[in-house]
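Structure incoming, see below.
The values are calculated or read from the model by the stated rules, or taken from the named source; none is laboratory data. Keep in mind the model is a prediction, meaning the values are calculated, not measured. Every residue, glycine as well, gets a Cβ built from its backbone with ideal geometry; the counts of neighbours run over all protein chains shown. Accessible surface is based on the protein model in full, side chains and every heavy atom, while ligands, DNA and RNA are left aside. Shrake-Rupley method; radii C 1.70, N 1.55, O 1.52, S 1.80 Å.
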Amino acid sequence: MRASLPGRIGPLEVRNRIVMAPMISNLAQETGATDEAHIAYLAARARGGAGLVITEYTYVDGLNSRGSRNELGAHREDFVPKLRRLTEAIHEAGSLVFLQLVHAGGKAGWNTNPQAPMAPSALDYGGHHPREMTAEDLDQVVESFRRAARVGALSNFDGLEIHAAHAYLLHEFLSPALNRREDRYGGSFENRLRLVQEVLQAVRREAGLPLGIRLSLYEDEADGYPPEYGVQVAERLEGLDYVHFSAGRFAPPGSSASFGYPALHILRRLPRRPALPTMVVGSVLDANGVEEVLEKVDFVSVGRAMLADPNFAWKVMHDPEGLRPCIRCNQACRDLRWGEVRCTVNPDTGHEAECPPRRPITGPIAIVGGGVKGLEAALQASLAGASVTLYEAREALGGQLLDLPEGAKRSEFLRLVRYYETVLRRREVSFRLKTRYDGDAVDCRPDRTYESLLARRPSEVDSPIYQHLDEALELAREQKVTITEGSLSALDPVRAHAFREEAVRRGISFHAGSPSPEAFSCGGQRQYDIRQAILAGRRALDEYLRGRDGLPS
Ligand SMILES: Cc1cc2nc3c(=O)[nH]c(=O)nc-3n(C[C@H](O)[C@H](O)[C@H](O)COP(=O)(O)O)c2cc1C
Ligand code: SF4
């Protein structure tokens, strides 16, 4: 298996070929300093077997480079002691760790930076127009990256990754559509690469660490650049130890494609093997996906699947059937405007520093309900030592997920049911299907019945809309649909703008104000239905045990 072979990045040996992709977690402090929750979250993925962990994008100055509210910062040397704690924790787990550095450019937060956003050209960024950068700004950016690289080196990071993808500042310079400058930094291919090259030189000279770059292989927009352009950029830049290909500018499917898009969608568009060590990311969900990527390039980079299962890397190599799967719902993990990282299928993500010890359970335990709620209760009971029997009235496990209409969402979401079935069978949980049970049991029947949005055909939707593909877009194929403005509130302004444009293109309109009583409405956290079901299963088990042991609930 290729995944378990050591790989090389510059002078470094990486213990295997599986890399944790950079993912903003909002787990750092408001100041940009790391803390226990953040360290525990990353260290869990290192303990889970990743050969290399790449931190989330980390801002480089205290002016206008920050993209998210509780983003990690590398702009202050007094952050070094706590950052060393982070690198120490990951090294102890046997992984290497690289620091990803970013200037968010035109996508920088308007409320989270002392200064207003700036970009190569004053174009439309989600309804905002960042100012055009001056020559002094360009020098300042190079200097900020240099200083942040020093913080990285002092903090014992093994390498640095410069973020030049996803329409952040350096990508903006590389992108013919976003860079309309007529000075030495725009106009020709060489000129568009100039700022990135200056940053790479400054960073390498300062830190002397292995150095990589994250690039969007292609942009999805009609005026976006094609994959061959992404490869050419990687090969033309000097001083790189690797390239890390992601994809996208503002609009879907970008890199975090949802269930409506095929797996490995970025690999499929890689035109050829680049002439430098290469990582590719993008909907790598299981061991087969890992191997397929590694047939073509040197490293596989995995994002959301490591949020769903922190032990992804180890399981790919030793227990591929036991992976808790990412279902590409783009819900809990992408609710980052105000939230910390979470995962719909794994309630422990983002809470690694808090996980309390499990209370042992002895003897038999019955669970009624074979939906996600009951399956999770069964798993927790079994892990705690109980001998579990699960009763389900229907002839198959899966509960309301079985009622989803046929299609990509159904098949992706049912992978979660298959996971539970596999691990529960291994743990010798016995299933009694087509059986009603009225005895003493943990009640995991549904709290409310699933009403398919598509079946109800409401004309108005008031429910958090996440990335790329929501049922509202499906509904709009056949009828008029209105979405409340509030539905976009969890998205950052650029994503909200891109989603709105996509929706309007499909004939959907938006309205401000309160939803009508007929609107399809989940509201707030309610849209994470699967996460709520998993948590409800854990709660139901806990309450049952308290009742059984005579403890107050
Ligand atoms: C919650 C979340 C946060 C992300 N933050 C970053 C980031 O800080 N830097 C970055 O380069 N990409 C970021 N990405 C993109 C991922 O690195 C990755 O390219 C993308 O999720 C596709 O990989 P996957 O299909 O394995 O999730 C983020 C993705 C997610 C889901
Ligand atoms: S929230 Fe959904 S898309 Fe995100 S990591 Fe979890 S399962 Fe995957």
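Answer yes or no as to whether Ile534 is at pLDDT below 90 and within 18 Å of Arg445 (Cβ to Cβ).
No.
Would you check which residues across the range 238-263 are assigned to a loop (DSSP other than H, G, I, E, B), in contact with a Pro (Cβ under 6 Å, 6 or more places away or on another chain) and more than 10 Å from ligand 1 (Cβ to nearest atom) and list them?
Asp241
Given the conditions (1) in contact with a Lys or Arg (Cβ under 7 Å, 6 or more places away or on another chain); (2) open to solvent by 10 Å² or more (accessible area, probe 1.4 Å), which single one is not true for Asp223?
For Asp223, the exception is condition (1).
Let me ask something additional. Can you find, within the range 267-284, the residue that is farthest from the chain's Cα centre (by Cα) among those that are part of a loop (DSSP other than H, G, I, E, B) and touching a residue at least 60 places away in the same chain (Cβ under 8 Å)?
Of everything passing the filter in the range 267-284, Pro277 is farthest from the chain's Cα centre (by Cα).
For the range 37-65, give me each residue that is surrounded by fewer than 24 Cβ atoms within 10 Å (Cβ to Cβ) and touching a His at 6+ places or on another chain (Cβ under 7 Å).
Scanning the range 37-65 gives Asp61, Gly62.
Yes/no per residue for (1) closer than 25 Å to Leu211 by Cα; (2) open to solvent by less than 20 Å² (accessible area, probe 1.4 Å); (3) near ligand 1 (Cβ under 9 Å from one of its atoms):
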position: Arg273; (1), (2), (3): yes, no, no
position: Thr278; (1), (2), (3): yes, yes, no
position: Val281; (1), (2), (3): yes, yes, yes
position: Phe299; (1), (2), (3): yes, yes, no
position: Asn346; (1), (2), (3): no, yes, no
position: Ala353; (1), (2), (3): no, no, no
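How many residues, within the range 264-307, are of a type in the set (Val, Ile, Thr) and within 13 Å of Leu217 (Cα to Cα)?
4
Here is a follow-up. Of all the residues that make up the range 2-36, how many are within 16 Å of ligand 1 (Cβ to nearest atom), within 18 Å of Glu88 (Cα to Cα) and over 17 Å from the mean Cα position of the chain (by Cα)?
The qualifying residues number 1.
Can I ask one more? Against the condition open to solvent by 40 Å² or more (accessible area, probe 1.4 Å) and of a type in the set (A, V, I, L, M), how does Met20 come out, does it pass?
no
Name the residues in the range 385-427 that are open to solvent by less than 20 Å² (accessible area, probe 1.4 Å), out of contact with any Ser or Thr (no Cβ under 9 Å at 6 or more places or on another chain) and either small (Gly, Ala, Ser) or not in a helix (DSSP H, G or I) (or both), would you?
Leu397, Gly398, Gly399
Looking at (1) within 16 Å of ligand 1 (Cβ to nearest atom); (2) touching a Ser or Thr at 6+ places or on another chain (Cβ under 9 Å); (3) open to solvent by 10 Å² or more (accessible area, probe 1.4 Å); (4) part of a loop (DSSP other than H, G, I, E, B), which is the only condition Cys333 fails?
(4)
Here is a further query. Pick from the range 152-173 the residues that are open to solvent by less than 10 Å² (accessible area, probe 1.4 Å) and among the charged types (D, E, K, R): which of them is nearest to ligand 2 (Cβ to nearest atom)?
Glu161
Any chance the range 314-325 includes a residue that's under 27 Å from Ala498 (Cα atoms) and either within 8 Å of ligand 1 (Cβ to nearest atom) or open to solvent by less than 10 Å² (accessible area, probe 1.4 Å) (or both)?
no
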